[in-house]
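Heads up, the thing below is written out as structure tokens.
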Amino acid sequence: MAAEIILEPDTLPLQEAAPSGRKRRFLWMRNAKALTGVAILAFFVVIAVVGEWIAPYDPDARSSDLLQPPSWEHWMGTTHMGQDVMSQVILGTRSVLLIAFVAGFLATFIGIVVGITAGYVGGVGDEGLSALSNVFLVIPQLPLIIIIAGLLPSAGGLTVAVVIAITGWAWGARVLRAQTLSLRKRDFVEAARANGESTWRIILSEILPNLTAMIAAGFVGTVSFAVLSQITLSFIGITPTDTWNWGTVLYWAQAQLALQRGAWWWYMFPGVCIALVGISLTLINFGIDEFVNPRLRSTGLNAKTLRKRGIRPRIGFTPVVHEAKEDRA
């Protein structure tokens, strides 16, 4: 009997032999998108750590090389005062990543506490915490961040991270609450409750491990939002402009009309860094999704077999095999 190979969404994955434990254990490391994202992000983390030692110049030092394009002396060109753009970008990496990760950790922690508590406790507590989450969900985040940061005199990096975390936890809390509502009625949770386990032990040992992938995805999304928010605040001059980060570099480029003066490099290099960090976080998020989603995970585990059969699955589609209609008759 001939068989027809098609790609259909929302169907069961191709049935293959169950993968070994070793395969499942290293599935994350076999994901090309996740590895690429981690590699790019690791590069910027290294730059942030060793930036003070590898920066070729003092980012505030002036010279006679005014608005010079990239050259052997200044790989990313100079500013209107002869400052080295590469040194500013390198020194600014630490501020961008530090604030983003601090904001991500704080927002994720608040989302975990509110979401899991609301989903597991239920009743009045659930209604109150859900209402609080809904309030933060409908408030425009970036305008609120701008208002709060503008009201705080000399808002430093830590203040910006706290403001971003306070305004960015609600979405993650809602997702965790919905998943916790599903988990709290599962058999293994009911068994733990019947054995007399305390509420906190059930949450920490039974529910939280099953939410790890969602928490990781929410953390990556919050870090991405924090990077863009921090750079936006610096670019429009809300935060102090005497501390270097990529948004500050763009602020001074815009204030000095860099594009009108032909200094394209002043915009391009910090813009490329912002794009690369965004791409890395997006790829990591794709990798987490493929690790969590059983349909995508099955496709990843059987990628070699699918390629041998000439099947090239696309994002959002799972390969399945069924008999052609004329053969069924």
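A few comments on the model shown:
Condition check ((1) surrounded by 18 or more Cβ atoms within 10 Å (Cβ to Cβ); (2) at pLDDT below 80) across all residues:
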site: D126; (1), (2): no, no
site: A131; (1), (2): no, no
site: G150; (1), (2): no, yes
site: G172; (1), (2): yes, no
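- When residues in region 168-199 are screened for being of a type in the set (S, T, N, Q) and in contact with a Phe, Trp or Tyr (Cβ under 7 Å, 6 or more places away or on another chain), 1 of them pass.
- Taking the criterion of being in contact with a Lys or Arg (Cβ under 9 Å, 6 or more places away or on another chain) and open to solvent by less than 30 Å² (accessible area, probe 1.4 Å), the residues of region 196-242 that qualify are I202, I207.
- Top-ranked residue of region 171-209 - restricted to ones that are among the hydroxyl-bearing types (S, T, Y) and in contact with a Gly (Cβ under 9 Å, 6 or more places away or on another chain), ranked as nearest to I116 (Cα to Cα): T180
- Residue satisfying condition, being under 23 Å from T243 (Cβ atoms) and loosely packed, with under 15 Cβ neighbours inside 10 Å, within set L97, L91, L106, L158: L158
- Evaluation of R94 against the conditions (1) under 29 Å from the mean Cα position of the chain (by Cα); (2) of a type in the set (D, E, K, R); (3) modelled with pLDDT under 90 shows that the sole unmet condition is (3).
- Restricting S130, S87 to those that are within 30 Å of L208 (Cβ to Cβ) and of a type in the set (S, T, Y) reduces the list to S130.
- The criterion of being under 28 Å from the mean Cα position of the chain (by Cα), surrounded by fewer than 16 Cβ atoms within 10 Å (Cβ to Cβ), closer than 20 Å to G278 by Cβ and in contact (Cβ under 8 Å) with a residue 40 or more places away in the chain does not hold for V49.
- Within region 247-264, being among the hydrophobic types (A, V, I, L, M, F, W, C) and open to solvent by 10 Å² or more (accessible area, probe 1.4 Å) holds for L250, W252, A255, L257, L259, W264.
- Some residue of region 129-142 being part of a helix (DSSP H, G or I), within 23 Å of T241 (Cβ to Cβ) and out of contact with any strand residue (DSSP E or B) (no Cβ under 8 Å at 6 or more places or on another chain): yes
- Some residue of region 257-265 being closer than 30 Å to I139 by Cβ and out of contact with any strand residue (DSSP E or B) (no Cβ under 6 Å at 6 or more places or on another chain): no
- Tabulated pairs, region 262-273, first under 16 Å from H74 (Cβ atoms) and in contact (Cβ under 8 Å) with a residue 60 or more places away in the chain, second aromatic (F, W, Y) and surrounded by 16 or more Cβ atoms within 10 Å (Cβ to Cβ), C-beta under 7 angstrom, 6+ apart or interchain: P270/W246
The values are calculated or read from the model by the stated rules, or taken from the named source; none is laboratory data. These numbers were taken from a predicted model, which means no experiment stands behind them. Neighbour counts run over all protein chains shown; Cβ positions are idealised from the backbone, glycine included. When the accessible area is computed, the model is the full protein with side chains, heavy atoms only, and any ligands, DNA or RNA have been set aside. Shrake-Rupley method; radii C 1.70, N 1.55, O 1.52, S 1.80 Å.
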